[in-house]
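Q: Just dropping this structure here.
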Amino acid sequence: MPPARPAPQQRSAPVPPSRSAPGREPGPATPGRHAQPRGPRPGTSPDARPSRAPRTPPAGNAPAHGTPPRPATPPRMPDAPPAQTDTGTPPQGAGLPGEAPAETTTRLRPVPPAPGARTTLGSGLGALPPETPPRPLRVPPPARPAPTRRRAVGAVDLTPRPGAGKPIVFGRPLTFDDSTTQLRPVGPRTRPRIAAVAACVVLGLGLISGAVTGSWLTGDADDPANARSVFQTAGGSWHNEPVDTLFPPVIKGDRAGPGGADRQWTRIAVAPDSGCTDVFDPLLRKALRPVGCQRVLRATYTDATRSHVTTVGLLFTSADAESMGALRTRFAEDGLDKRDDLMPRTYAAKGTVAEHFGNKQRASWSVSVLTDAPVVVFAVSGFADGRTVDEPEPAAQAMVTGATSAAAQSGLGHEAQGLADQVERKLRKSATAASKESS
């Protein structure tokens, strides 16, 4: 139980004149004085006052903080003044100014009377209205948190958090309709332009360098005098150039195989120089008769797997440039290079993988008539295991994509054409270099 607070000082209310006893006349009222507590009775000390036990109000009727409690029962006043004695001493307070009651002790909270009790101030005073208990201070209930809705799966909470700063504002989205199309602004394409310019520069330099190199290799073929010099020099290569220059021991063909694969061939035999009698079939020898037959050089190569063998050769003629041009035109118009009865023969060196490479094993071939040199380049290929081929096919047809012949499926067309091209380039290069040295 909390300690009782002292009751504040009570102001004395004016008391109406008391009623006198029956048979007595009321005395004159003292002017300027209100009803107030009488002084102490004779024979008692002025400071001696009856003490009252502190009354503690119930816990439920405790006054609110800051509201002074009303006294439950005011002190009872005497009905009549005490009798005066003839001691010669005037009554206390006669002719003196009014004396206010003084509170010298701490007064505790008064205890309210029991329900139904009536308290009077004196005779003739009505009962005071019962004390109305103060209303207890209502404390507002704590605020309930607002119910939170459960977010769906995948939903994003966009509520800004404290201290998040200013929100990010994006630009206005593009809008489209069904009738028009809004194009996006295209900025300057600096990098693609620089790349295109660089590619053009590289391509231009490559073309220029290629032209310079080609003119150096061919010795400026547009010059008639130089072209005649190269033509004559190439015609004498069969006895002026060593065999390793015309038929190197190893020949590499970049992108010469099927599907652009690189190829490599190794020389396994070189035939002695001879005439044209035993080198070509009778019909091919008859077709080559207009240009003459001065000398034939041959060599046999095998691939890296040693499963294919190819005989490549050079026919040196005694014709001029005009006759070589006419022969080339005839081969192209009549298709002589595609007839299987106009195939060159093989060189089957004994003791090598090409020992069983005979005429019945020929699978693909190539015949090329040159116009800048008095030379016919030819090649024929087949299997190294000696299997026969019933339907040989020219290299130009066997190299076509989707061909289903045995020569095409095995890549023998690429073998014959690729090796013939490499030997032809070696001949041109050596003839051009020899022509420059002689001039």
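The values are calculated or read from the model by the stated rules, or taken from the named source; none is laboratory data. Every value quoted in this text rests on a predicted model; they were computed, and no experiment measured them. Counting neighbours? That spans all protein chains shown, and the Cβs are built from the backbone with ideal geometry, glycine included.
Q: I'd like to know if the stretch 408-431 contains one or more residues that are basic (Lys, Arg) and farther than 22 Å from Asp244 by Cα.
A: no
Q: What's the number of the condition Ala396 fails, among (1) buried (at least 16 other Cβ atoms within 10 Å of the Cβ); (2) of a type in the set (A, V, I, L, M); (3) in contact with a Ser or Thr (Cβ under 8 Å, 6 or more places away or on another chain)?
A: Failing condition for Ala396: (1).
Q: A further question on this structure: Residues to consider are Thr352, Thr401, Thr432; find the one that is out of contact with any Asp or Glu (no Cβ under 9 Å at 6 or more places or on another chain) and free of Cβ contacts under 8 Å to residues at least 24 places away in the same chain.
A: Thr401
Q: Hey, another quick one. Consider Leu288 against the criteria (1) within 26 Å of Gly386 (Cα to Cα); (2) in contact with a Leu (Cβ under 9 Å, 6 or more places away or on another chain): it satisfies all of them except one. Which criterion is unmet?
A: Checking Leu288 against (1) within 26 Å of Gly386 (Cα to Cα); (2) in contact with a Leu (Cβ under 9 Å, 6 or more places away or on another chain), the one that fails is (1).
Q: Report yes if Arg339 is under 21 Å from Glu415 (Cβ atoms) and surrounded by fewer than 13 Cβ atoms within 10 Å (Cβ to Cβ), otherwise no.
A: no
Q: Could you please let me know if Ala299 is within 22 Å of Gly413 (Cα to Cα), at pLDDT below 90, buried (at least 16 other Cβ atoms within 10 Å of the Cβ) and in contact with a Lys or Arg (Cβ under 7 Å, 6 or more places away or on another chain)?
A: no
Q: Which is hydroxyl-bearing (Ser, Thr, Tyr), at pLDDT 80 or above and within 30 Å of Thr404 (Cβ to Cβ), of Thr245, Thr233, Thr266?
A: Sole residue among the options that is hydroxyl-bearing (Ser, Thr, Tyr), at pLDDT 80 or above and within 30 Å of Thr404 (Cβ to Cβ): Thr266.
Q: Determine, yes or no, whether Leu412 is over 30 Å from Gln232 (Cα atoms), in contact with a strand residue (DSSP E or B) (Cβ under 6 Å, 6 or more places away or on another chain), in contact (Cβ under 8 Å) with a residue 60 or more places away in the chain and crowded, with 18+ Cβ neighbours inside 10 Å.
A: Against the criterion (over 30 Å from Gln232 (Cα atoms), in contact with a strand residue (DSSP E or B) (Cβ under 6 Å, 6 or more places away or on another chain), in contact (Cβ under 8 Å) with a residue 60 or more places away in the chain and crowded, with 18+ Cβ neighbours inside 10 Å), Leu412 qualifies.
Q: For the stretch 281-294, give me the residue count where each residue is outside any loop (DSSP other than H, G, I, E, B), crowded, with 19+ Cβ neighbours inside 10 Å and free of Cβ contacts under 8 Å to residues at least 60 places away in the same chain.
A: 1
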